[in-house]
Structure formats: C-alpha cells, structure tokens
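Engineer: Input: one structure, supplied below.
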Amino acid sequence: MRRFPAGTHLSILLLVLVTTGCATKAGWQYVPNAARPAGAQVPLVVAVERFQDERGTSNSRYFWLCIIPLVPYCSSSYSQPENANGFLTEAAYNFRPSDDLAEATTIELRQTGMFKDVFVTNRSSDPSAQLTVRGTIDSTQWDGSKYSYLLGPYGSLLWVFGLPIGSAENNLRIKLDLVERATGQPLWSTDINQNYSITEGLYYNYAADFAYPQMYRTGMEAAVASLEGYVSQQPPAFWQRIASESGLVLPSR
C-alpha cells in the first residue's frame, strides 16, 4: 500500500476546506407573507414598475489576504452582490434586484385583494392602471469577514474544530411610492430598512451568507399594513376622482 507524506495529507485537507467555502451558488428565492385579505378595497388597478437602482457600484474583495501569515482576518464589501464572486461560504448570488423586488411587491399586494388588480409593468406610467407603485433600491450592501487566526492558509484547520469561518452582514434599503398615474402626484410612501448579521461555521449557519428575501418579506409586512391604513382613510370620492382622471368610470354606490 502506497504511503503519502504527512504534508500531502495536510495539503489535501486544506484544499477541501478552502474550496468548501466557495463551491455553491445561492440565489433570490422569495416566500411571501401569509395571505391576509385587506379590510379596505379600492376598485382600481395598480402597476408596479421595475425598481429604480440607485445603489453604489463599489465591489471590493480582499479575502485573498487571509493567505498571509499574521493576518487575523480578511474582508470583502459588495454594493452589488449579484455582480460579485467569492463570499464567505458561497461562490456567487443570483439576484435581479429591479425585477425580483418588483415581482415580490406585486405578489404581496395582489394577495391582499386591496386593489382590483396588481401587475408588474415594463412601462413608465402604464395606461392600463390608475395607480403606480415605484420602488427605489438604495442598498443591498453585503459585508463579510473571514477569520484566518494569524495562521495564513493553515487557519482553516481551526474551522474543523468548530471555530467560526467568519461573519456576514446584509443591509436592504428600499423606498416605495404609490403614485397617481394620471397626474404623477405621490399619494403614499414608505421606507424599508432591514439589517442581517450571522456568524458561520462548518457545523452551524453554514451557507447563510444572504437574507435579502427574508428581509424584504419582513419589510413588506409593515409596508402593506401602512398602505392599507392609508387606503382605508380615504373617502370614496377620493378614488372616484382618480378613476375619472384616468378615464375610468366607477359604479356609483
């Protein structure tokens, strides 16, 4: 039986440890809040426009510094994580912010029955709707730190014994506006600002680099409640006026 030098076994183990942290590709998977019919209904149609992307463009990756001995940790920071490669325990993140967030918003609003219909549109001020929801993406920031414990490439050996691989933080900041399509007048607005942080190890919280869908779900729960409150406060004549300015005749009550 052929025997390998001890150094060879160590090298193989290190290779497995290093590649484990970047072998998979995560992606946006949205699960909406439980459907809860709204107490107020408006017989108008809402078009949700593709979200406007106002994020920064800086993506900085410095995880490679962990191969240098006496460096305790290394970090990376991504303003646009879908355009980055190499996270804490994932290789990449499949995310289309403008599309995915608009579609998630549509699902959340449609299932409440608050409006006659809600749909995603590629058009600005879609004439098929009397109301428009516009979203602005201010941040999907991802920051991560990987721990090498001053041991350079050998620091990953400590991961096997339960020490953390590193930590990750997400920030999601979105602005939502409800706009009267015919006049362009803003009617309602809210901000979603959610944060997430996690410490990951080989045996706990592994592959938990991202929580953008969960954060948006939490933010949308409060946003929908706020919108429902606004809708319920408006008299029927208010919606009649918006309908008539859009060329829609609502049945009289």
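Engineer: Quick one: if you take sqrt(5λ) for each eigenvalue of the C-alpha gyration tensor of the stretch 14-134, what semi-axes come out, biggest first, whole angstrom?
Structural biologist: 42, 16, 10
Engineer: Sticking with this structure for a sec: Of all the C-alpha pairs in the stretch 21-83, what % are more than 14 Å from each other?
Structural biologist: Tail fraction, whole percent: 79.
Engineer: How big is the chain along each principal axis, measuring the range of its Cα positions in Å and listing the largest first?
Structural biologist: 89, 32, 30
Engineer: Tell me, what ³J(HN,Hα) does each residue in the stretch 57-63 have, in order and in whole Hz, if you take phi through Karplus 6.51 cos²θ - 1.76 cosθ + 1.60 with θ = phi - 60° and put x for Gly and Pro?
Structural biologist: Those phi angles translate into 10, 7, 10, 10, 10, 10, 5 Hz.
Engineer: Continuing with the same structure: In degrees between 0 and 90, to the nearest 10, how far off the longest principal axis of the chain does helix 6-20 point, with axes built from Cα atoms?
Structural biologist: That helix lies at roughly 0 degrees to the long axis.
Engineer: What do you get for the angle between helix 212-233 and the principal long axis of the chain? Use alpha-carbon atoms, 0 to 90 degrees, nearest ten.
Structural biologist: 20
Engineer: Cross-link partners among aspartates and glutamates for K175, C-alpha distance below 18 Å, same-chain residues fewer than 8 apart left out?
Structural biologist: E49, D53, E54, D99, D100, E103, E108, D138, D191, E221, E228
Engineer: Could you please report the charge total around I137, scoring K, R as +1 and D, E as -1 over all other residues with beta-carbon less than 14 angstrom from its beta-carbon?
Structural biologist: -4
Engineer: Using +1 at the Cβ of each Lys and Arg and -1 at the Cβ of each Asp and Glu in the chain, identify which of N33, N94, A104 lies farthest towards the dipole's positive end.
Structural biologist: Projecting each Cα onto the dipole axis, the largest value belongs to N94.
Engineer: With angles folded into 0 to 90 degrees, how steeply does helix 236-245 sit against the dominant principal axis of the chain? Use alpha carbons for both and round to 10.
Structural biologist: 90
FYI, it's all coordinate maths here, none of it is from the lab. Because the structure is predicted, anything quoted here is derived from the model rather than measured. Note that we place each Cβ from the backbone using ideal geometry, even for glycine, and neighbour counts take in every protein chain shown.
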